[in-house]
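The values are calculated or read from the model by the stated rules, or taken from the named source; none is laboratory data. These numbers come from a predicted model, not from an experiment. All Cβ positions, even for glycine, are placed from backbone atoms using ideal geometry, and neighbour counts span all protein chains on display. The protein model used for the area step is the full one, side chains on, heavy atoms only, and it has no ligands, DNA or RNA in it. Shrake-Rupley method; radii C 1.70, N 1.55, O 1.52, S 1.80 Å.
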Amino acid sequence: MDTTPRTRRLGSVAAALLAVATLAGCVIPVPGPTTPQTTEPTSAPSTPATQPATDPTESATPLDGPYEFENDPSAAVVWSFEATEAQRVDADVNGVTAEPGYQLVILHLSGELLRGEPDFYFQFRVHLVDEPSGQSWGLSSGTSVYAEDDLFMAGRQPSFVDADAIYQVPDTWALDTWRITCNETGEVWDFTVPVV
């Protein structure tokens, strides 16, 4: 077979490359179909079965709200909240006055939802505490009295400032000692506020 100088030169180069590869211990792959993908597509990542499960408290992102108190950040519903003051009032927003032997008091609360669905009124219990007797009086303990910015409605917003939790309580009780309990986690906060 008669070959041209160019063909002989290409053959010599190929033979030289093969000799170098053989001496170096390399194998030149034969061109063929593309190799299969060794990683999962980015749209469907997989977790190896041997990977330990993460602790929910470690994976919970630390939350930092604007107010004094905050419930457990690993809870399904997380609020930052605080009470600023208690106020004795003669009547509620509808003009209803306290029954004989009782007084009306409004606790001003602010809150900001950090995670979950907002409904502060049902997610927390807010009670006035009578220290001498150890008894407490919550929203459900009183009669149907309503404040202008009532916590029942305001607490359904993801953020509220100075919402009014209104109570009818015995007129012999001091109005400065309060307790808030988180229904989900059972956490309790006891605090005092100024009375105006």
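Structure above, values below:
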read-out: In segment 61-85, residue farthest from THR192 (Cα to Cα) [restricted to those that are touching a residue at least 60 places away in the same chain (Cβ under 8 Å) and aliphatic (A, V, I, L, M)]; value: ALA76
read-out: Near pairs, Cβ below 9 angstrom, 6+ apart or cross-chain, from segment 182-196 (assigned to a strand (DSSP E or B)) to any residue that is surrounded by 13 or more Cβ atoms within 10 Å (Cβ to Cβ) and among the basic types (Lys, Arg); value: CYS182/ARG125; VAL188/ARG179; TRP189/ARG179; ASP190/ARG179; PHE191/ARG179; VAL195/ARG88
read-out: Failed condition for LEU139, given (1) closer than 21 Å to SER74 by Cα; (2) open to solvent by 20 Å² or more (accessible area, probe 1.4 Å); value: (1)
read-out: Among the residues listed as VAL161, VAL196, VAL169, the single one being β-branched (Val, Ile, Thr) and crowded, with 18+ Cβ neighbours inside 10 Å; value: VAL169
read-out: Condition met for GLU148 (of a type in the set (Asp, Glu) and in a loop (DSSP other than H, G, I, E, B)); value: yes
read-out: Filter result (open to solvent by 50 Å² or more (accessible area, probe 1.4 Å) and part of a strand (DSSP E or B)) within segment 172-181; value: ARG179
read-out: Residue that is farthest from the chain's Cα centre (by Cα) [pool: residues in segment 76-104 that are surrounded by 18 or more Cβ atoms within 10 Å (Cβ to Cβ) and within 23 Å of LEU63 (Cα to Cα)]; value: ALA83
read-out: Criterion (within 19 Å of PHE160 (Cβ to Cβ), surrounded by 14 or more Cβ atoms within 10 Å (Cβ to Cβ) and at pLDDT 95 or above) met by exactly one of LEU63, LEU107; value: LEU107
read-out: Matching entry among VAL145, VAL129, VAL105, VAL96 (being more than 24 Å from THR185 (Cα to Cα), touching a residue at least 60 places away in the same chain (Cβ under 8 Å) and among the β-branched types (Val, Ile, Thr)); value: VAL105
